[in-house]
Every structure is written in C-alpha cells, then in structure tokens.
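Enquirer: This is the structure I want to talk about, given as structure tokens.
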Amino acid sequence: MLNTLGIVHARTGVPGAKDHVSRKLGGRSLLERVVRRMTDCQRLEGVAVVVGDSPEDEAIAKLVPRDVPVFVAKPTDELGRFVAAVEHFQPNAVVRVGADNPFIDPVFIDRLVATAIEHPECDYISYCSGDGRPVVLSSLGVFAEWCRADALRRAHRDATAPSDRDLATRFLYSHPETFRLRLIPVPSELDRDDLRLTVDHEEDWEHVHTLYDALGPEGLDWRRIADLLTSHPAVRERMAHLNRQQAEV
C-alpha cells in the first residue's frame, strides 16, 4: 500500500479546459509541467493524474507522461473522483494539486508529508495566509494540500452541497469541528495579495511566460520567483487586479 500519493486533477467541464492544460510552456504542456513538478518531490511514493471519462478527458489523458498512471473516474464531481482514485490506488494519504499551477513547489509538498509524519493525528494539512485562511482559497499557485484517505472517504459520505463536492478538500477544511486540521503559515515573501501564480486567464499566461523566460526551467523555485516579482511592480499590480476581480465574482 502506498503511503502518500500525489494526485493531479485535470478539471474538465469548463469551457476550453483541454486547450488550457495543453498549452505549451518551454515546449511542454501545462499539464506535463505540473506532473513533472510533482515527480520531483522526494516524499511522494507515487504520482497519478485523475480525469473523467468524456472525450475531452481522453484527449487530456494523452498529455500525461507515459511513466505516470492516469486514472479515469466516472464521478462528475472532484470529490467523487478523488475517492474513486483512493479506492483504486489504496494510498494512506494523498496530496492534491490542480493542473493549473505550473509553479507548484516540490519543497512545499515535501514539507506537507513531513508534517503529516510528525502529526499523525491530522486529517488535513496545508498552508494558510496571515489571516488564517487556507491558501487554497488564494491564487498563489505554489502550494498543495495533504489529506488522509479516510478523511476523504468521510467527506464523500457526508458532503451533499455541490460546492463541497466540486473541490475535493473543501468539506475538510470547512469543518474543523469534524476534521483535525493543521495549517502552516506561508512564507512572508508570499503572503501578499499582489502575487498570482495560477493560470486562469489569458493574462496569467503572459505572466507565466514572463517568469519562465526570465528564470528558465531550472530556476522556478518560489524564492527566485518572489525576488523577481519584487523588482517588477507593474506585473504585481496586474496580478493584484486579477485577484480582486476574481474575489468579486
């Protein structure tokens, strides 16, 4: 049995999802970039990509490197898909990463797994901003979430609201009275509202390419990204604008 499995979820059902994850960055698709960032982790015992069973999902699955398994899940909601993957691979815990985070940082993922070992009582471990909010609610895009497989099963059993099923982990971190949570403060250099490293809009792609062109494929750790953006206030201003727009939706 696997101890910790990294799961990349390629969301579908959103207009243009396939085109989104297939766009190229440095000659590789966004999905492949995210998968390779996951396989660089030292503490994950495996990585898998979870997709649905639609023709669009089939096209997305072809973007996954051949050495990484693809699990085709029949449920339409993300929580159901994750639990189906858990039952298939039988890990003790999973680390969740979205396919729209090209700068997901292996160091932060390995720290999650190490923290889980130090705190075996936890059901959910991730990072939080200075105000205590789980960082998954932001668009920073360099952090992941760890959760116990049994906690996902409980969430799958109890969660009924569409919003709680659309995101695999929402029911866990929204119910601290039921699940044992641990949130690690993000580094101060990243705890700000003018950083945005996820890909959702066309302008996000422009920012991603700016960072990639400046740092190259081997220089995409979070400290170098934060340092570079410190010297580009115009880019941070646009990122802050996009974050405000998203918050208003």
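Enquirer: Would you check if Val21 is open to solvent by less than 30 Å² (accessible area, probe 1.4 Å), touching a residue at least 40 places away in the same chain (Cβ under 8 Å) and touching a helix residue (DSSP H, G or I) at 6+ places or on another chain (Cβ under 8 Å)? Step through it out loud before you land on a result.
Expert: On the way: open to solvent by less than 30 Å² (accessible area, probe 1.4 Å): yes; touching a residue at least 40 places away in the same chain (Cβ under 8 Å): yes; touching a helix residue (DSSP H, G or I) at 6+ places or on another chain (Cβ under 8 Å): yes.
For Val21, the condition - open to solvent by less than 30 Å² (accessible area, probe 1.4 Å), touching a residue at least 40 places away in the same chain (Cβ under 8 Å) and touching a helix residue (DSSP H, G or I) at 6+ places or on another chain (Cβ under 8 Å) - is met.
Enquirer: Tell me, yes or no, whether region 156-171 has at least one residue that is open to solvent by less than 30 Å² (accessible area, probe 1.4 Å), part of a helix (DSSP H, G or I) and among the charged types (D, E, K, R).
Expert: Just the residues of region 156-171 that are open to solvent by less than 30 Å² (accessible area, probe 1.4 Å), to begin with: 159, 164, 167-169, 171.
Add one more test, that the residue is part of a helix (DSSP H, G or I), and what stays is 164, 171.
Narrowing the set further to residues that are among the charged types (D, E, K, R) leaves 164.
Checked against the condition, which is being open to solvent by less than 30 Å² (accessible area, probe 1.4 Å), part of a helix (DSSP H, G or I) and among the charged types (D, E, K, R), region 156-171 yields at least one hit.
Enquirer: How many residues, within region 85-137, are of a type in the set (S, T, N, Q) and either part of a loop (DSSP other than H, G, I, E, B) or closer than 27 Å to His209 by Cβ (or both)? Before you say what the answer is, go through the steps one by one.
Expert: Of region 85-137, the ones of a type in the set (S, T, N, Q) are 90, 92, 101, 115, 126, 129.
Remaining after also requiring either part of a loop (DSSP other than H, G, I, E, B) or closer than 27 Å to His209 by Cβ (or both): 90, 92, 101, 129.
Final tally of qualifying residues: 4.
Enquirer: Tell me, yes or no, whether region 33-45 has at least one residue that is open to solvent by less than 20 Å² (accessible area, probe 1.4 Å), within 22 Å of Leu183 (Cα to Cα) and either in contact (Cβ under 8 Å) with a residue 40 or more places away in the chain or not in a loop (DSSP other than H, G, I, E, B) (or both).
Expert: From region 33-45, those open to solvent by less than 20 Å² (accessible area, probe 1.4 Å) are 34-35, 38, 41; that's our starting set.
Still in the list and also within 22 Å of Leu183 (Cα to Cα): 38, 41.
Okay, now just the ones that are also either in contact (Cβ under 8 Å) with a residue 40 or more places away in the chain or not in a loop (DSSP other than H, G, I, E, B) (or both), so 38, 41.
Checked against the condition, which is being open to solvent by less than 20 Å² (accessible area, probe 1.4 Å), within 22 Å of Leu183 (Cα to Cα) and either in contact (Cβ under 8 Å) with a residue 40 or more places away in the chain or not in a loop (DSSP other than H, G, I, E, B) (or both), region 33-45 yields at least one hit.
Enquirer: Can you name every residue in region 211-249 that is closer than 20 Å to Glu32 by Cβ, in a helix (DSSP H, G or I) and more than 20 Å from the chain's Cα centre (by Cα)?
Expert: Asp213, Leu215
Enquirer: Next question, about the same structure. Which pairs turn up if I take residues in region 84-95 that are free of Cβ contacts under 8 Å to residues at least 60 places away in the same chain and look for partners that are assigned to a loop (DSSP other than H, G, I, E, B) and buried (at least 22 other Cβ atoms within 10 Å of the Cβ) with beta carbon separation below 6 Å, at least 6 apart in sequence or on another chain?
Expert: Short answer, once both residue conditions are applied: none.
Enquirer: Still on this structure: Residues in region 194-234 that are among the acidic types (Asp, Glu), within 23 Å of His20 (Cβ to Cβ) and open to solvent by less than 30 Å² (accessible area, probe 1.4 Å): how many? First the steps, then the outcome.
Expert: At the first step, the residues of region 194-234 found to be among the acidic types (Asp, Glu) are 194, 200, 202-204, 206, 213, 218, 221, 227.
Then drop every residue that is not within 23 Å of His20 (Cβ to Cβ), which leaves 200, 202-204, 206, 213.
Within this subset, residues satisfying the condition of being open to solvent by less than 30 Å² (accessible area, probe 1.4 Å) are 204.
Of the residues in region 194-234, 1 are among the acidic types (Asp, Glu), within 23 Å of His20 (Cβ to Cβ) and open to solvent by less than 30 Å² (accessible area, probe 1.4 Å).
The values are calculated or read from the model by the stated rules, or taken from the named source; none is laboratory data. For clarity, every value in this text was computed on a predicted model and none was experimentally measured. Positions of Cβ are generated from backbone atoms using ideal geometry, with glycine treated the same way; all protein chains shown enter the neighbour counts. Areas reflect the complete protein model, heavy atoms only, side chains present, ligands, DNA and RNA absent. Shrake-Rupley method; radii C 1.70, N 1.55, O 1.52, S 1.80 Å.
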